[in-house]
1. Within 14 Å, Cβ to Cβ, of Gly31, how many net charges do the neighbouring residues add up to if Lys/Arg are +1 and Asp/Glu are -1?
2. When the accessible area of segment 76-119 is computed with all protein chains present and a 1.4 Å probe, what percentage of it is carbon and sulfur?
3. Enter the accessible area per residue of segment 64-150 (Å², integer; probe 1.4 Å; all protein chains in place).
4. Could you tell me which chymotrypsin sites (Phe, Trp or Tyr not before Pro) in segment 324-386 are loop residues by DSSP with no more than 14 other beta carbons within 10 angstrom of their beta carbon?
5. Non-local amide H neighbours of Val348 (under 5 Å, H modeled in plane, Pro and chain starts lacking H): which ones?
6. List the trypsin sites (Lys or Arg not before Pro) within segment 327-386 that DSSP assigns to loop and that have no more than 16 neighbouring Cβ atoms inside 10 Å.
7. Taking segment 29-115, which chymotrypsin sites (Phe, Trp or Tyr not before Pro) meet the DSSP loop condition and have no more than 14 other C-beta atoms within 10 Å?
8. Using a probe radius of 1.4 Å on heavy atoms only, what accessible surface per residue do you get for segment 298-340? Whole Å² is fine.
Amino acid sequence: MSATMDFAGLAGPIDELLAGVGAGGSGAAVGALREASAAVDEAHAASRASVDRMYDAWRGRAGDAAMDAALRGQTTAATAADRGRAMADIVERADAEVATGRRELETVLREFTDDVRRLAVGGLGPEVIAAVVESTIDHVGRALRVVERVRAELEGETAAMSELASRTPAPAPVTPAAAGRGGPTVVPAAVSAPPVGGSPVADTSLATAGDTITAARTPFGSGHSPGGALNTVPASVGTPKSPDRGPDPTRPQGGGVRLTLPDGSVVEAPNQRAADAVRSALGQVGTPYVWGGETPGVGMDCSGLTQWAYAQAGVSLPRLAQEQGYGHQRVGPGDLMPGDLAVWSGHVAMVIGNGELVEAGDPVQIGPIRTENSGMRFLGFYRPTA
């Protein structure tokens, strides 16, 4: 038996392991995922202007409900684009892991071939055969360890892909008929009907506290309960194994911070201060309404909540609700981000994203974004951290 023939048989296990690793080559799939994500991003960017135009042309309860649906659609689009990019990154990593494994196996096979040829130079006596068998065991063991490592890496990528593929159920859309549900039944002296959007307050812009309320405590809207636990975390925690994103022209660069909202949607605040303010405000959901109140967990009014939440983030706001937008950047509905303030002549609320805001009704609660509140004059949306 020749050395070459002997090698052909002994190298069989390594050849099989090499064939089992696969060839990789998923560039087309990666390109398709990135192109689809870019297309969704373009649609997301275009929708921002559409939301602003809709807001300018359509006011009232129906307009607020349409704006809420559009903002939720923006979140869905941004989430889809992010998931597409993350999936492309996973496929690229898996491809690279397979390619690295193949190169290592090819090196093992080449070294084994060279070793056998060197040993067989003087013929295949008993000592040579023993040395060849020992070399075979060593090299097959090395090849098995490579395959086991690649398999473990691919299992991790498969788990990451499964997490991205499992979609979070979208919150039910808000309709004009439902826009008044979920907040307190407000009966201010100057208003004969409950406010649109479920939250708030009579216009007492001259009051020291900046807002007031005459209301009976009522349940939260769907998906929220007084005193319930709220989980707001950076996206690196909320979406495990998701890789860092590349440049994204439709969202802030260098300072954006992601949050996972109580409904499971992932949103992006413009910076850490805004994200911290949202976390603080959400942590007070369930706190009773107290006129002039500013004590966490005990009692807060609308401007007390937003002032306190932003103070936790190192940002100072005036105490009066109608003054909390003063000196800050005004933003259109299509550009709303977590931490932005919705300001009326006697009320203020904080946008948390995905078409929702948090505000001190009775108790502090989450509801759909709106521009109407008990007939008050809406002053606009403002970004305290711009």
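1. Details: positive: Arg34, Arg85; negative: Glu35, Asp89, Glu92, Asp95.
Result for the local shell: -2.
2. The value for segment 76-119 is 53 percent carbon and sulfur by accessible area.
3. 46
4. Hits after loop and neighbour filter: Tyr326.
5. Ser303
6. Here the trypsin sites (Lys or Arg not before Pro) that fit, given the DSSP loop and packing criteria, are Arg377.
7. Trp58
8. 34
The values are calculated or read from the model by the stated rules, or taken from the named source; none is laboratory data. What you see is a predicted model, and the numbers here were worked out from it, not measured in a lab. Please note: Cβ atoms are built from the backbone with ideal geometry, for glycine as well, and neighbour counts cover all protein chains shown. For accessibility, only protein heavy atoms count, side chains too; no ligands or nucleic acids. Shrake-Rupley method; radii C 1.70, N 1.55, O 1.52, S 1.80 Å.
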